[in-house]
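Contents: one structure, followed by commentary.
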Amino acid sequence: PLPALSRIAGLLLPGGCFSDCLMVMQFLRCFGKVLGFDLSADIPSLGVLQAGLLNVGDSMGFIQDLLVHML
């Protein structure tokens, strides 16, 4: 049997959305250089990505810039 794990601190997204965010982060880290991203400045942290998706604070603008850059 698998052990019972506690939730990640500060995580507000449901499990399915969180797994999608992890896949997006992995994609950006793997292919960001090919897409012309500055890996240290243009790729958001997981917290910023979550806040942007939930429209909390100023993170939504960062996510919109990321989407425009990807288009």
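Quick check: pseudo-label points 7 Å beyond the Cα along Cα→Cβ at Leu5 and Ala41, how many nm apart are they?
Between Leu5 and Ala41, the label points sit 3.5 nm apart.
Using only the Cα atoms of the chain, what are the Rg and Dmax in Å?
Rg and Dmax of the chain, Cα atoms, are 13.7, 45 Å.
Before rounding to the nearest 500, sum -39500 (n - 2.57) across all DSSP H runs of length at least 4 in the chain and divide by the residue total; then give [θ] at 222 nm in deg cm²/dmol.
-16500 deg cm²/dmol
Hey, any idea what % of the chain's accessible area is carbon plus sulfur with a 1.4 Å probe?
So the carbon and sulfur contribution to the accessible surface is 66 percent.
Let's see if you can work this out: charge +1 on each Lys and Arg Cβ, -1 on each Asp and Glu Cβ, no other charges. What is the dipole magnitude of the chain about its Cα centre, in debye to the nearest 20?
I would put it at about 240 debye.
The values are calculated or read from the model by the stated rules, or taken from the named source; none is laboratory data. For clarity, every value in this text was computed on a predicted model and none was experimentally measured. Using ideal geometry, Cβ is built from the backbone for each residue, glycine included, and neighbour counts are taken over all protein chains shown. Note: accessible area is taken over every heavy atom of the protein model, side chains too, but ligands, DNA and RNA are not part of it. Shrake-Rupley method; radii C 1.70, N 1.55, O 1.52, S 1.80 Å.
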